[in-house]
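The values are calculated or read from the model by the stated rules, or taken from the named source; none is laboratory data. These numbers were taken from a predicted model, which means no experiment stands behind them. Counting neighbours? That spans all protein chains shown, and the Cβs are built from the backbone with ideal geometry, glycine included. When the accessible area is computed, the model is the full protein with side chains, heavy atoms only, and any ligands, DNA or RNA have been set aside. Shrake-Rupley method; radii C 1.70, N 1.55, O 1.52, S 1.80 Å.
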Amino acid sequence: MSQFDDLFAANAEFVKEFKSQDLTGEAKKGLAIVTCMDSRIDPLRIIGMKAGDAKILRNAGARVTEDVLRTLILATNLLGVNRVLVMPHTDCKMASGDESEIHAAIFEKSGIDTRSMEIRTVTDQISALKSDLVRIEQFPLLPKGIAIVGAIYDVKSGKLTKI
C-alpha cells in the first residue's frame, strides 16, 4: 500500500460528486491572499469567499519572499488581482523563536543542518507584517496603486485583526 493511496481514494470519491464550476484562472474578486502554510488556516472561508474568488499564496510564516513577489507579478498582470491581503496568524512556529533556535530544533529532530538557509523567523509579527507590506508597495514590478492590507488571523477565535 502506498503512502498516498488514501489521497487517490478520496479523490475518486470527490470526482463522483464533482461539478465543474466553469472557473478560469482569474481571481473573480481581484484578491490575492499571502498566508501561512499552517493547516488551521482556511483562507477563503475566513473572508467569506469560495474557489475562484482569490489567489492563495502560502509559505512558512506568511512572509513576502522573492517567490511571493514573482507570483504577485503574474497575478496582478495576468490573473485579475488588484488587491493583496497579507495574513500571518497567531501561534505560528515561525514566530516562536529566532533563526538559530529553529535551526537547532530541526537539527535535533532530524540531524539535518539547515544553517545555510534563511528560515525567515520573526520575533515581532506586527513589525514583520508592516515590513512585508512596504515590500509589496515599493516593489517596482507591481502595478502602482495596488491595494494592500495586513491582518493577523487568530487561530483560536477565527478573528481577523487589521494592522
Would you rank Glu17, Glu99, Glu26 by solvent-accessible area, highest first, keeping every protein chain in place and using a 1.4 Å probe? Glu17, Glu26, Glu99
What does the charge count around Met94 come to, taking other residues whose C-beta lies under 15 Å from its C-beta (Lys +1, Arg +1, Asp -1, Glu -1)? -3
Row for the stretch 1-96, column shape: gyration tensor on C-alpha, a ≥ b ≥ c, rounded if a/c < 1.5 i.e. under 1.5, prolate if a/b over b/c, else oblate; value oblate
hull vol. (C-alpha, convex hull) per residue for the chain, Å³ -> 156
Taking K and R as +1 and D and E as -1, what net charge do the other residues with C-beta under 13 Å from the C-beta of Val68 add up to? +3
Provide the net charge surrounding Leu133, with neighbours chosen by a C-beta distance below 13 Å and charges set as Lys +1, Arg +1, Asp -1, Glu -1. +3
